[in-house]
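The values are calculated or read from the model by the stated rules, or taken from the named source; none is laboratory data. No experiment lies behind these values; they were computed from the predicted model shown. Counting neighbours? That spans all protein chains shown, and the Cβs are built from the backbone with ideal geometry, glycine included.
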Amino acid sequence: MRVLIVDDEKLARERLRELLTEIGGHTIVGEAMNGNEAVERTTELNPDVLLMDIRMPGMDGLEAAMHLMGLENPPSVIFTTAYDQHALNAFEVNAVDYLLKPIRKDRLAAALDKAHKLTLKQLKQINEAQDSPNARTHISVHLRGNIRLVPIQDVIYFMADSKYVTVRTPAEEHLIEDSLVNLEKEFGEKMFLRIHRNALVATGFIKGIEKSPAGTWQVSLKNTDKKLDVSRRHAASVRRWARG
Amino acid sequence: MESGSKIALSLLGRGIARTRSTLRALRGRIEERLFGAAAEDPAAAPDSGFLPDFCQGWTVFSVAVVAEILAIIIVLVSPQIPFAESRLGNLFLVSLFIQWIALTSAAALCGARRFLNRLSKLRAVALAYLMLLCVTWLVGEAALWALWLAGSIGSPQPEWNAYFHVQNLTVAALINAMALRYFIGRHQLRQRTLSEARAKVQALRSRIRPHFLFNTMNTIAALTRSAPAQAETAIENMADLVRIMLTDDENLVPVGNEIAIARKYLAIESLRLDNRLAVDWDVGKFPRKAVLPVLTLQPLLEHAIQCGVEPAPEGGRITVRLWEADERIHIEVTHPLPRPRRGARTPVPEADETALDNLRQRLETHYGTAAVLETNDEAGRLKVAVTLPTRGEEP
């Protein structure tokens with residue numbers, strides 16, 4: 001199998017590399033040091049399986065796996081961890097493969113033999129089982145078998161269409177399959193403000209709130225000339241936010 | 001005849017021995033009932049005596065107040081004393097007498113406290129009790145003589161002499177028993193609070209984080225193949241660190257020892273974090289007597305690594321400064337504050353303020369208000385500064 005090793009510790013990667021060589025029959029296609037790199041390398045190198053640490057600086061293993069699940073043919077993921085009490089219980093419950101550090105050769109071989117694909121549902125349940133269910137650090141945009149990671153702090157607004165949600169950043173626009181309700185729940189009111197049934201705006205990008213010639217309220221934004229309508233239902237909460 | 005007396009003697013001897021052992025067992029049981037299980041080691045804590053310090057003004061005042069209350073009760077419930085003119089005169093005489101007994105008792109306990117607290121508790125209680133009864137009898141006798149000298153009674157040994165003493169001793173026996181029971185109870189409560197405080201400090205001690213432990217083991221497993229010598233050093237360092245973390249004693253140790261253990265901890269972490277961890281040391285001169293509680297510096301470094309180095313993909317630089325000035329040890333550890341990512345996962349869940357709060361509480365139990373732990377946010381770096389008295393005096 002083609003294996004991608006993901007761990008922030010050099011010696012941990014080294015050990016996996018050595019164990020895999022001893023087991024034989026597998027090709028190590030590359031290494032990554034954090035979640036972002038893992039997603040990039042996966043689309044680049046197309047491995048069959050990822051051996052991925054959960055706790056890493058930047059994007060962690062769980063989030064990286066979530067982004068990967070959007071691929072047409074996602075790789076299998078075997079998590080490695082030193083100690084994560086809550087996550088481990090969730091792994092057991094959801095039958096997700098994991099290896100405890102220090103990693104044993106026979107366990108690693110067995111895990112690779114039966115490695116199976118994860119589902120997004122499994123990952124979400126694991127995420128919720130952790131101490132504090134975490135928001136993602138990135139939004140993943142899928143483009144012809146590729147994943148584009150958009151840092152959440154670059155998002156100006158989410159705009160819902162009939163089927164898709166448009167993600168607007170200073171430079172580009174992307175389409176994702178998600179719902180505003182889910183996004184609002186995940187990223188909370190501190191970062192985003194619901195101004196309309198179809199619009200969720202990053203509070204950091206709001207320049208001002210003004211009245212349009214037609215007499216409705218509008219939000220003007222940094223980094224874009226576009227103005228977004230505030231619906232009557234949300235006008236009160238937007239003004240409350242503006243007052244601080 | 002002779003053998004008969006021998007048998008009788010040996011029987012008697014055995015009887016005495018048995019009585020002795022029964023008495024010993026009985027004593028043990030009484031002590032257990034009175035003082036709880038801790039009765040057996042009076043040397044466990046130097047100030048474990050159950051008697052309060054009767055040389056202290058506040059204690060003497062309390063004794064006087066209790067004595068006065070007793071005097072008022074006695075005057076209210078007893079008939080007029082023949083040689084007192086009024087109820088008020090009555091109260092005056094009774095107060096004088098009871099205060100005399102009470103204050104003399106306090107003085108006696110003040111003098112005998114050191115001696116009594118050295119004895120086993122049962123002996124101390126019995127001796128104190130007898131002593132207080134003696135004081136009562138002596139003061140009663142002295143009062144009769146005083147009254148006789150003052151001309152209030154015809155003889156220093158009036159016909160109600162015996163009744164007078166029996167009455168005094170009965171009251172004293174009851175009141176003293178109550179007082180001693182109160183002191184024992186208070187002592188037990190204090191001991192319990194003390195051991196609870198000790199347990200709390202132990203709980204606050206820097207513990208081995210499982211994540212750190214297992215990651216280190218994984219690192220060592222990797223090293224045993226590629227660099228056995230490094231693996232050996234790592235195991236030795238880990239053993240020293242774990243040994244100190246597992247000990248319950250909150251000892252004060254020389255600054256040098258604490259720095260050594262901190263360096264061992266950093267050696268382990270830098271194996272794991274590789275070139276992501278950089279540490280600058282600046283250690284000043286310390287007098288040989290400079291001490292600090294064991295595991296003061298290491299938790300500061302652990303906190304810095306967890307909050308400043310681990311969450312950042314590019315790592316970070318920690319600076320450590322230690323110096324001594326004006327009889328105080330100064331410790332300063334600064335670490336970078338990785339830019340908080342909006343919506344970021346909390347990098348390491350347990351790496352919040354609890355580590356510093358725990359250390360702060362431990363320092364407080366050691367030094368009271370004489371130790372200070374402050375955090376300062378300056379230009380993207382967090383500075384944690386600790387100052388403590390150089391010689392580690394207790395509050």
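Which residues, counting only those in segment A:159-184, are over 20 Å from residue A:147 (Cβ atoms) and hydrophobic (A, V, I, L, M, F, W, C)?
A:159, A:160, A:180, A:181, listed by residue number.
Filter segment B:313-356 down to the residues that are surrounded by fewer than 16 Cβ atoms within 10 Å (Cβ to Cβ), more than 8 Å from chain A (Cβ to nearest Cβ) and at pLDDT below 85, then identify the one that is farthest from residue A:59 (Cα to Cα).
Among them, the one singled out is B:354.
Taking the condition without any contact (Cβ under 8 Å) to a residue 24 or more places away in the chain, within 14 Å of chain B (Cβ to nearest Cβ) and not aromatic (Phe, Trp, Tyr), does residue A:108 pass?
Taking the combined requirement at face value, the residue does not satisfy it.
Do you know which of the residues in segment B:221-241 that are touching a residue at least 24 places away in the same chain (Cβ under 8 Å) and within 44 Å of the chain's Cα centre (by Cα) is farthest from the other protein chains (Cβ to nearest Cβ)?
B:240
In this structure, is residue A:97 buried (at least 19 other Cβ atoms within 10 Å of the Cβ) and within 13 Å of chain B (Cβ to nearest Cβ)?
no
In segment A:29-38, is there at least one residue being assigned to a helix (DSSP H, G or I) and away from chain B (no Cβ under 11 Å)?
Yes, the conditions are met somewhere in segment A:29-38.
Under 8 Å between Cβ atoms, which residue pairs at least 6 apart in sequence (or on different chains) link something in segment A:50-74 that is within 25 Å of residue A:27 (Cβ to Cβ) and at pLDDT 85 or above with a partner that is outside any helix (DSSP H, G or I) and of a type in the set (Phe, Trp, Tyr)?
That search, which allows pairs on different chains as well, returns A:52/A:79; A:53/A:79; A:54/A:79; A:61/A:79; A:65/A:79.
Quick one: is residue B:104 assigned by TED's automatic domain parsing to the domain that holds residue B:67, β-branched (Val, Ile, Thr), surrounded by fewer than 17 Cβ atoms within 10 Å (Cβ to Cβ) and closer than 19 Å to residue B:64 by Cα?
It is true that residue B:104 is assigned by TED's automatic domain parsing to the domain that holds residue B:67, β-branched (Val, Ile, Thr), surrounded by fewer than 17 Cβ atoms within 10 Å (Cβ to Cβ) and closer than 19 Å to residue B:64 by Cα.
Please go through segment A:193-222 and give me each residue that is within 14 Å of chain B (Cβ to nearest Cβ), under 12 Å from residue A:180 (Cβ atoms) and of a type in the set (Gly, Ala, Ser), ordered by number.
none
Take residues that are within 30 Å of residue B:267 (Cα to Cα) and tell me which of the helices (runs of 4 or more DSSP H) falling wholly in segment B:114-230 contain 2 or more.
Passing ranges, in order: B:161-204, B:210-226.
Which residues, counting only those in segment A:37-70, are of a type in the set (Lys, Arg) and in contact with a helix residue (DSSP H, G or I) (Cβ under 9 Å, 6 or more places away or on another chain)? Before the answer, list the steps.
First, the residues of segment A:37-70 that are of a type in the set (Lys, Arg): A:41, A:55.
Once the filter is applied, which keeps residues that are of a type in the set (Lys, Arg) and in contact with a helix residue (DSSP H, G or I) (Cβ under 9 Å, 6 or more places away or on another chain), segment A:37-70 yields only A:55.
Identify the residue in segment A:1-28 that is over 11 Å from residue A:51 (Cβ atoms) and touching a residue at least 40 places away in the same chain (Cβ under 8 Å) and, among all such residues, is farthest from the other protein chains (Cβ to nearest Cβ).
The residue in question is A:2.
Looking only at segment A:63-89, which residues are part of a helix (DSSP H, G or I), more than 8 Å from chain B (Cβ to nearest Cβ) and buried (at least 20 other Cβ atoms within 10 Å of the Cβ)?
The answer is A:64, A:65, A:66, A:67, A:68, A:87.
Quick check on segment B:245-259: of everything there that is at pLDDT 90 or above and under 20 Å from residue B:207 (Cβ atoms), which residue is nearest to the chain's Cα centre (by Cα)? Steps first, please.
Residues of segment B:245-259 at pLDDT 90 or above: B:253-259.
Keeping just the survivors that are under 20 Å from residue B:207 (Cβ atoms) gives B:253, B:257-258.
Numbers: B:253: 20, B:257: 26, B:258: 25 Å.
Only one residue tops the list, namely B:253.
Do we have any residue at all in segment B:139-153 that's without any contact (Cβ under 8 Å) to a residue 60 or more places away in the chain and of a type in the set (Ser, Thr, Tyr)?
The answer is no, given that none of the residues of segment B:139-153 is without any contact (Cβ under 8 Å) to a residue 60 or more places away in the chain and of a type in the set (Ser, Thr, Tyr).
Just checking: which of the strands (runs of 3 or more DSSP E) contained wholly in segment A:123-185 hold 2 or more residues that are in contact with a Cys (Cβ under 8 Å, 6 or more places away or on another chain) and farther than 26 Å from residue A:86 by Cα?
So the answer is none; nothing clears 2.
Listed here are the residues, each with its yes/no results for (1) closer than 30 Å to residue B:131 by Cα; (2) surrounded by 14 or more Cβ atoms within 10 Å (Cβ to Cβ).
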position	(1), (2)
B:162	yes, no
B:175	yes, yes
B:223	no, yes
B:242	no, no
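Could you name every one of the strands (runs of 3 or more DSSP E) located completely within segment B:234-347 that has at least 3 residues being touching a Leu at 6+ places or on another chain (Cβ under 7 Å) and hydroxyl-bearing (Ser, Thr, Tyr)?
Ranges flagged: none.
So residue A:242 fits all but one of (1) farther than 30 Å from residue A:40 by Cβ; (2) outside any helix (DSSP H, G or I); what number is the exception?
Among (1) farther than 30 Å from residue A:40 by Cβ; (2) outside any helix (DSSP H, G or I), residue A:242 violates only (2).
Which residue, of B:204, B:301, is in contact with a helix residue (DSSP H, G or I) (Cβ under 6 Å, 6 or more places away or on another chain) and either of a type in the set (Asp, Glu) or within 22 Å of residue B:370 (Cβ to Cβ) (or both)?
B:204
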